[in-house]
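One structure is given below, encoded as structure tokens.
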Amino acid sequence: MDILNFNNIAFITIALWIIGSLFILGDQKIKNGRLIGNLFTITGTLVIIVFVIILWIEIDRPPMRTIGETRLWYAVFLPIVGILTFFKWKYKWFLFYSLGLAILFLIINILKPENFDKVLMPALQSPWFVPHVIVYMLSYALLGVSSVVSAWGLYLIKFKTFKPKLLNKADNLVYMGFSLLTLGLLFGALWAKEAWGHYWTWDPKETWALLTWLSYLLYIHFRFRHKHKTVTALWILALAFIVLLICWIGINYLAVSGNSVHTYTS
Amino acid sequence: MSNNKKIIWQYPWGYSESFIIAITLMILGFAINYISKSTVSTIQWPLNLFFGIAIIILLLLVYFLFKKKPFLKWLSGTPAAISAICLYTFLVLLMGFIPQGSPKASGFIHEIGLYDIVSSHAFLFAQIYFLVVLGMVTLKRSFPLRGKNIAFFINHFGLWLTLFAASIGAGDLQRVTLTTNKTNAVYFGINHKGEAIHDLGIAIQLKEFNIEEYPPKAFIIDDKSGTILNEKLFYLENGNSGEIMNWVIKVDDFFEYGICMGDKFHPIYDIGAAPAAYVIAINKKTKKVKEGWISCGSFRFQGNFLKLSDGMILVMADPEPKRYSSKVKIYTTSGNVFETTIEVNKPVTVDGWKIYQSDYNHDMGKWSDISILELVKDPWIPVVYFGIFMLIVGALYMFWIGNKK
């Protein structure tokens, strides 16, 4: 159990990510800086992945039940998305953002220790559980990055240095994130039919997941027609992410969440 | 809007017209709810089938007769689509903030239908508007169908079909709760309005109800207030040991089915038998040792706890179910008699009914003498699933391609 101490793992991961980021940041001055940096960030990500796998085996159920456990997945997927997009587009800020956010999630989990309760209610024991949560977490990671593009864009507009090309990057992320959002919603519907008798019951989480989906749907349609109205597009993108955050976290604090099958107990 | 000084309602229509129409539809819906004091009722088989076919024919006719008209250009364009998405989103947003189906609902908000938005006229109009615009744009891109439009078609038609089939099929959805017992076969259920439904064509008798449970958790609680003091979890399993709140606890003996006789628990399998554990607790600071039997008890037997110190007791929580299932005997009017097992997440299909394991008597727990099943009939499910399947294919394609054109 000592090896599995979450705090130690989290600190090791955070350290590896920070060292890696520093190497990448200074890759002009350090020989092979980028290579070494990549190795560090990848190793850090592998460490947290291995931790999740061991945890999964240890508690004998997918670690996806509580909000803390979904934060852990976020800390796995964000760096993966960040590293892959960094390889593709070479944007350093992109990588730093995803690593920074992942570090934030790990720190929240250190400050709010989990019990890793073994109990998983029978309705959650379904082959749909894992794909449903994984596509959602990956989608949230992608859309989270797109939201930073929107915030960055709105910031640049203030200083009149915004270039519309930036939004094309966001578009790609939104298309990928939105398609996974669609899959998550549909997997959830198919699972609900098997577990609760109907594919759609307007459960508060379902309602907010649909709202999230509709918000990004709106963004896609607006962008499709109005390539040049970038400011409106940036605002839609930023607001859509707020809806996503309410769906993911805020829902537990809303009056409507009383009898949701998605209310996480932690 | 971008056209310089275009007079409103002059073609081509843009965002102003689209949003005026969307908002008018919504207000009209609220007004109908308010004046008629009624909600939208669903239509049933076979009326919904005729209605559905009529709508499809109407959409096709309107499209092919008027596709060159500016009105139809608007109806299949982006401003109409965006206004339809916005109207739909706005009503779902209200649903996201206003608790739905509130039993004490009254007042203006109730009268315009906002406590039950799904059954409100505003939502009905929003859905019709959404489906008409989505239908028109699908037709526009489908005739003639070009290779580059296939992904568009799969996504848009898939969504249209899913929403359309789900809406017109809603009236045929039947959900009935059936409480089975071991003494006789039950042939009727209760619907969500509390009415007894007799014509199920099916009767079910409970043969055996099974629960597999997680090992029970131990808690240290304040014996006056009953609040749980420990944060760390400890499972009571044979041989397990661990530390909670300065107490090192070891499980020396554990029976899943135990009954107390005298001052000792014995492994006896009889109605009401409850998990029991013999625990040894050592205080790390004072080295004080406490030991004894703890049990969560059952509907038949009292529980047992171990006093650790003043104000602190060690208790066993009721074990939580890992899975539960019912072995049942099913009789159908078509003459079939057979036994099967129904488990959570593993429904069984019989004569058009999908039968789900729903609940049991929680006071009696694993000794429950009843099992509550839910029977669901939804004849439109194949059509909805076909739409969902199209959407899944469309989403996978979209993920692969991104927005590269």
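The values are calculated or read from the model by the stated rules, or taken from the named source; none is laboratory data. Bear in mind the structure is a predicted one, so any value in this text is a computation, not a measurement. FYI the Cβ positions are ideal-geometry reconstructions off the backbone, even for glycines, and counts take in every protein chain you see.
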Point to revise | Residues that are touching a Ser or Thr at 6+ places or on another chain (Cβ under 9 Å) and among the β-branched types (Val, Ile, Thr), drawn from region A:152-181 | key: A:157, A:174
Review point. What about residue B:87, is it touching a residue at least 40 places away in the same chain (Cβ under 8 Å) and away from chain A (no Cβ under 14 Å)?
Key: no
Review point. Taking region B:179-224 as the region of interest, how many residues are free of Cβ contacts under 8 Å to residues at least 60 places away in the same chain and out of contact with any strand residue (DSSP E or B) (no Cβ under 7 Å at 6 or more places or on another chain)?
Key: 6
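Residues of region A:139-164 being in a loop (DSSP other than H, G, I, E, B) and crowded, with 24+ Cβ neighbours inside 10 Å, which ones? First the steps, then the outcome.
So the first thing to find is which residues in region A:139-164 are in a loop (DSSP other than H, G, I, E, B), and the list is A:159-164.
Across region A:139-164, there are no qualifying residues.
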Check your understanding: Hey, any hits in region B:332-345 for a residue that's surrounded by fewer than 17 Cβ atoms within 10 Å (Cβ to Cβ), in contact (Cβ under 8 Å) with a residue 40 or more places away in the chain and hydrophobic (A, V, I, L, M, F, W, C)?
Key -> no
Exercise for review: Identify the single condition in (1) within 10 Å of chain A (Cβ to nearest Cβ); (2) closer than 21 Å to residue B:18 by Cα; (3) free of Cβ contacts under 8 Å to residues at least 60 places away in the same chain that residue B:98 does not satisfy, given that it satisfies every other one.
Suggested key: (2)
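Kindly indicate whether residue A:37 is of a type in the set (Gly, Ala, Ser), in contact (Cβ under 8 Å) with a residue 12 or more places away in the chain and not assigned by TED's automatic domain parsing to the domain that holds residue A:138. Steps first, please.
On the way: of a type in the set (Gly, Ala, Ser): yes; in contact (Cβ under 8 Å) with a residue 12 or more places away in the chain: yes; not assigned by TED's automatic domain parsing to the domain that holds residue A:138: yes.
So residue A:37 fits the description; yes.
Please pick out the residue among A:184, A:197, A:177 that is over 20 Å from the mean Cα position of the chain (by Cα), of a type in the set (Gly, Ala, Ser) and at the interface with chain B (Cβ under 10 Å from one of its Cβ atoms).
On the way: A:184 fails: over 20 Å from the mean Cα position of the chain (by Cα); A:177 fails: over 20 Å from the mean Cα position of the chain (by Cα).
On inspection, the qualifying residue turns out to be A:197.
Condition check ((1) of a type outside the set (Lys, Arg); (2) in the same structural domain as residue A:72 (by TED's automatic domain parsing); (3) closer than 21 Å to residue B:394 by Cα) across all residues:
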position: A:139; (1), (2), (3): yes, no, yes
position: A:144; (1), (2), (3): yes, no, no
position: A:147; (1), (2), (3): yes, no, no
position: A:153; (1), (2), (3): yes, no, no
position: A:162; (1), (2), (3): yes, no, no
position: A:165; (1), (2), (3): no, no, no
position: A:183; (1), (2), (3): yes, no, yes
position: A:191; (1), (2), (3): yes, no, yes
position: A:208; (1), (2), (3): yes, no, no
Check your understanding: In this structure, is residue A:116 in the same structural domain as residue A:26 (by TED's automatic domain parsing), over 15 Å from the mean Cα position of the chain (by Cα), over 18 Å from residue A:18 (Cα atoms) and assigned to a helix (DSSP H, G or I)?
Key -> no
Exercise for review: Could you please let me know if residue B:80 is among the hydrophobic types (A, V, I, L, M, F, W, C) and at pLDDT 95 or above?
Suggested key: yes
Revision key, fill the gap. If we keep only residues of region B:224-236 that are surrounded by 14 or more Cβ atoms within 10 Å (Cβ to Cβ) and not hydroxyl-bearing (Ser, Thr, Tyr), then the residue nearest to residue B:291 (Cα to Cα) is B:236
Exercise for review: Sort out which residues of region B:318-367 are hydroxyl-bearing (Ser, Thr, Tyr), away from every other protein chain (no Cβ under 11 Å), more than 29 Å from residue B:258 (Cβ to Cβ) and within 23 Å of the chain's Cα centre (by Cα), and write them in order of number.
Suggested key: B:349
Point to revise | Residues located in region A:200-218, provided they are under 19 Å from the mean Cα position of the chain (by Cα) and under 22 Å from residue B:84 (Cα atoms) | key: A:206, A:208, A:209, A:210, A:211, A:212, A:213, A:214, A:215, A:216, A:217
Practice item. Could you please give the count of residues in region B:225-237 that are free of Cβ contacts under 8 Å to residues at least 24 places away in the same chain, in a loop (DSSP other than H, G, I, E, B) and either on the phi > 0 side of the Ramachandran plot or not acidic (Asp, Glu) (or both)? Key: 6
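Wholly within region A:165-263, which helices (runs of 4 or more DSSP H) include no fewer than the required count, namely at least 3 residues that are closer than 21 Å to residue A:126 by Cβ? If you could, list the steps in order and put the result at the bottom.
Values: elements: A:165-196, A:204-225, A:230-248.
Of the helices (runs of 4 or more DSSP H) lying wholly inside region A:165-263, those with at least 3 residues that are closer than 21 Å to residue A:126 by Cβ span A:165-196, A:204-225.
Taking helices (runs of 4 or more DSSP H) that do not extend beyond region B:41-122, which have at least 1 residues that are of a type in the set (Phe, Trp, Tyr) and closer than 24 Å to residue B:137 by Cα?
On the way: elements: B:47-66, B:70-75, B:78-97, B:107-111.
Filter on region B:41-122 gives B:47-66, B:70-75, B:78-97.
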Check your understanding: Taking residue B:151, is it at pLDDT 95 or above, within 29 Å of residue B:49 (Cα to Cα) and part of a helix (DSSP H, G or I)?
Key -> no
Practice item. Could you tell me which numbered condition residue B:129 fails, if it satisfies all but one of (1) out of contact with any helix residue (DSSP H, G or I) (no Cβ under 8 Å at 6 or more places or on another chain); (2) among the hydroxyl-bearing types (Ser, Thr, Tyr); (3) touching a residue at least 24 places away in the same chain (Cβ under 8 Å)? Key: (1)
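Given the residues A:130, A:135, which is the only one that is modelled with pLDDT under 85 and within 14 Å of another protein chain (Cβ to nearest Cβ)?
Values: A:135 fails: modelled with pLDDT under 85.
After applying the criteria, what remains is A:130.
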Review point. When you scan region A:56-86, how many residues do you find that are out of contact with any helix residue (DSSP H, G or I) (no Cβ under 8 Å at 6 or more places or on another chain) and hydrophobic (A, V, I, L, M, F, W, C)?
Key: 4
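In this structure, is residue A:55 within 14 Å of chain B (Cβ to nearest Cβ) and either modelled with pLDDT of 85 or more or crowded, with 21+ Cβ neighbours inside 10 Å (or both)? Please lay out each step first, then the result.
Working: within 14 Å of chain B (Cβ to nearest Cβ): no; either modelled with pLDDT of 85 or more or crowded, with 21+ Cβ neighbours inside 10 Å (or both): yes.
No.
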**Study point:** Contacts under 6 angstrom Cβ, first residue in region B:66-79 being in contact (Cβ under 8 Å) with a residue 12 or more places away in the chain and away from chain A (no Cβ under 14 Å), partner of a type outside the set (Phe, Trp, Tyr) and assigned to a loop (DSSP other than H, G, I, E, B), 6 or more apart
**Key:** B:70/B:12
